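Report on the structure given below.
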Amino acid sequence: MSGSSAVPLASRSVGCVERDDARVQPGYTLFSSGRETFLIDNDGRVVNEWRSTRPVFCAYLLPNGNLLRDGSENDIAVAFQAGGASGFVEEVTWNNEVVWSYAALPYHCFLTHHDLEPLPNGNILL
């Protein structure tokens, strides 16, 4: 075995340090931290990771395997310096190549806040 599964849970100090198999759901967990988004398995192993040029507040794994994420450039959105303010939405491939990108400009008039919603018809609710 390789990765974190080679070390028993009780002996770990980083990564997945506790798991209740009776309560865990099958599948993966997607989360963002700063400029990085991670897809991990139930043992805490990184399945994939994406890096952005800007902070990411939310991300969704799309049915085609691409990642939909928002992004912030608060340094130029001076009217709203609070957390969660973003003005970018983009779709990137599994390999982090930009498929498309949208910027809500001008920032002093338009921002998204904390979340977006991919819709079944392929549209994105901002």
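The values are calculated or read from the model by the stated rules, or taken from the named source; none is laboratory data. Note that the structure is predicted; figures quoted are calculated from it, not measured. As a convention, Cβ positions derive from the backbone with ideal geometry for all residues, glycine included, and neighbour counts pool all protein chains shown. Accessible surface is based on the protein model in full, side chains and every heavy atom, while ligands, DNA and RNA are left aside. Shrake-Rupley method; radii C 1.70, N 1.55, O 1.52, S 1.80 Å.
Among residues of the range 70-97 being open to solvent by less than 10 Å² (accessible area, probe 1.4 Å) and either over 17 Å from R35 (Cβ atoms) or at pLDDT 85 or above (or both), the one that is nearest to the chain's Cα centre (by Cα) is D70. Among the residues of the range 98-126, those identified as modelled with pLDDT of 70 or more, part of a loop (DSSP other than H, G, I, E, B) and open to solvent by less than 50 Å² (accessible area, probe 1.4 Å) are A104, L116. Take the residues in the range 40-58 that are within 30 Å of V7 (Cα to Cα) and of a type in the set (A, V, I, L, M); name whichever of them is modelled with the highest pLDDT. Among them, the one singled out is V47. When the strands (runs of 3 or more DSSP E) confined to the range 7-67 are screened for residues that are open to solvent by 40 Å² or more (accessible area, probe 1.4 Å), those reaching at least 3 such residues are found at 29-33, 46-51.
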